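Asker: Here's a structure for you.
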Amino acid sequence: MNDILTKNINIFNDVEDVSLAVSKEFIKLAEESIKLSGRFCVVLAGGTTPLNMYKILANSMKDELDWNKIFFFFGDERFVPQNNQDSNYFMINSVLFDKIKVPSQNILQFNCDNISVEDSVLDYKKKIASVFGNTLPKFDLVLLGMGQDGHTASIFPGSKTIFSKDIIEIESNSPKPPSTRITMTYKLINNAKEILIMVSGQDKAEVLKKVLSDKKDIINLPIQGINPTNGDLHWYITKNALV
């Protein structure tokens, strides 16, 4: 197995156990970061498994953190209005932001309303710079999922984003609708202090086996490009996703 990818693999019975464990890790990292630097900057992921975790944070754990000191970013977004049900912001807002007391200025989502996709990218770079300045951002935590094709964020097999040296890219040919998306790149994601990948479901087992093998194939398995430059990578996986 790949030496990097197989570090810190945590296996759980089901998606509920994964969601609870990730929620506890979120709380721990947030408390440590706030104590050290006065804030916690986290990149959120879309998808079913992360959404379960957000529900736990917003309900049974919502009183454990000072949400005023947490800044939320998005690893990727579908280029649709934010009130569209396909929007990652829409989905996360309904289960998390609407349930907690977080200042609106702490939620740094992609602007996809009445704007070109190119201007949306520029706008998001400005939002990131408003928090981190003009240096390469170092997020305290990046949450990621993995698709059945081995993609993560909106970095898909064969995408030009795999080779990007920028921090944000446009994905115009997503294999799943909507076709136009915006995504953080390896350069930005891999600079994080902590990266946590959640994988659940038997339908991911075949591709996960390839991802965790010794064979490196980033073009066809983009999640293999997740390799922190100076941080830690943790996998949270359900038993049925392993074969």
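The values are calculated or read from the model by the stated rules, or taken from the named source; none is laboratory data. What you see is a predicted model; the values in this text were computed from it and never measured. When we count neighbours, we look across all protein chains shown, and the Cβ atoms used for this are built from the backbone with ideal geometry, even at glycine.
Asker: So which residues in region 166-205 are under 30 Å from Asn13 (Cβ atoms), in a helix (DSSP H, G or I) and within 19 Å of the chain's Cα centre (by Cα), if there are any at all?
Answerer: Ile189, Lys204
Asker: Check off (1) modelled with pLDDT under 95; (2) within 18 Å of Val211 (Cα to Cα) for Asn173 and give me the number that stays unchecked.
Answerer: (2)
Asker: When you scan region 100-116, do you find a residue that is within 12 Å of Thr183 (Cα to Cα) and basic (Lys, Arg), even just one?
Answerer: Among the residues of region 100-116, not one is within 12 Å of Thr183 (Cα to Cα) and basic (Lys, Arg), which makes the answer no.
Asker: Follow-up. State whether one or more residues within region 111-120 are outside any loop (DSSP other than H, G, I, E, B) and charged (D, E, K, R).
Answerer: So far as region 111-120 goes, yes, one or more of its residues are outside any loop (DSSP other than H, G, I, E, B) and charged (D, E, K, R).
Asker: Pull up region 99-149, narrow it to residues that are in contact with a Phe, Trp or Tyr (Cβ under 9 Å, 6 or more places away or on another chain) and of a type in the set (Gly, Ala, Ser), then point me to the one that is surrounded by the fewest Cβ atoms within 10 Å (Cβ to Cβ).
Answerer: Ser104
Asker: I'd like to know if region 209-232 contains one or more residues that are touching a Phe, Trp or Tyr at 6+ places or on another chain (Cβ under 6 Å) and more than 30 Å from Glu118 (Cα to Cα).
Answerer: no
Asker: Ok, one more. Please work out which one of (1) surrounded by 18 or more Cβ atoms within 10 Å (Cβ to Cβ); (2) in contact with a Ser or Thr (Cβ under 8 Å, 6 or more places away or on another chain); (3) at pLDDT below 95 is the condition Met61 fails and give its number.
Answerer: (1)
Asker: Could you list all residues from region 177-203 that are of a type outside the set (Gly, Ala, Ser) and in contact with a Gly (Cβ under 8 Å, 6 or more places away or on another chain)?
Answerer: Thr183, Met184, Tyr186, Ile189, Asn190, Asn191, Lys193, Glu194, Ile195, Ile197, Met198, Val199
Asker: Could you please find all residues in region 181-201 being of a type in the set (A, V, I, L, M, F, W, C) and within 19 Å of Tyr124 (Cβ to Cβ)?
Answerer: Scanning region 181-201 gives Ile182, Met184, Leu188, Ile189, Ala192.
Asker: Report, by residue number, each residue of region 135-150 that is in contact with a helix residue (DSSP H, G or I) (Cβ under 7 Å, 6 or more places away or on another chain) and either within 16 Å of Phe74 (Cα to Cα) or not in a loop (DSSP other than H, G, I, E, B) (or both).
Answerer: Listed by number, the residues that qualify are Pro137, Asp140, Leu141, Val142, Leu143, Gly145, Met146.
Asker: Regarding region 53-63, can at least one residue be identified that is of a type in the set (Phe, Trp, Tyr) and either without any contact (Cβ under 8 Å) to a residue 12 or more places away in the chain or closer than 30 Å to Ser116 by Cβ (or both)?
Answerer: There is at least one residue in region 53-63 that is of a type in the set (Phe, Trp, Tyr) and either without any contact (Cβ under 8 Å) to a residue 12 or more places away in the chain or closer than 30 Å to Ser116 by Cβ (or both).
Asker: Those residues that are part of a helix (DSSP H, G or I), of a type in the set (Val, Ile, Thr) and more than 17 Å from Lys187 (Cβ to Cβ), I need them from region 211-243; list them, please.
Answerer: Passing the criteria: only Val211.
Asker: A further question on this structure: Looking only at residues that are free of Cβ contacts under 8 Å to residues at least 24 places away in the same chain and more than 20 Å from Ile27 (Cα to Cα) in region 64-93, which one is nearest to the chain's Cα centre (by Cα)?
Answerer: To start, the set of residues in region 64-93 that are free of Cβ contacts under 8 Å to residues at least 24 places away in the same chain comprises 83-85, 89-90, 93.
Pick out the ones that are also more than 20 Å from Ile27 (Cα to Cα) and you get 83-85, 89-90.
Values: Asn83: 20, Asn84: 20, Gln85: 18, Tyr89: 12, Phe90: 15 Å.
The residue in question is Tyr89.
Asker: Also, I was wondering about something else. Could you grab me the full set of residues in region 211-241 that are surrounded by fewer than 20 Cβ atoms within 10 Å (Cβ to Cβ), touching a strand residue (DSSP E or B) at 6+ places or on another chain (Cβ under 7 Å) and more than 27 Å from Asp166 (Cβ to Cβ)?
Answerer: Lys239
Asker: Answer yes or no as to whether Leu208 is of a type outside the set (Phe, Trp, Tyr), in a strand (DSSP E or B), on the phi < 0 side of the Ramachandran plot and surrounded by 17 or more Cβ atoms within 10 Å (Cβ to Cβ).
Answerer: Answer is no for this residue.
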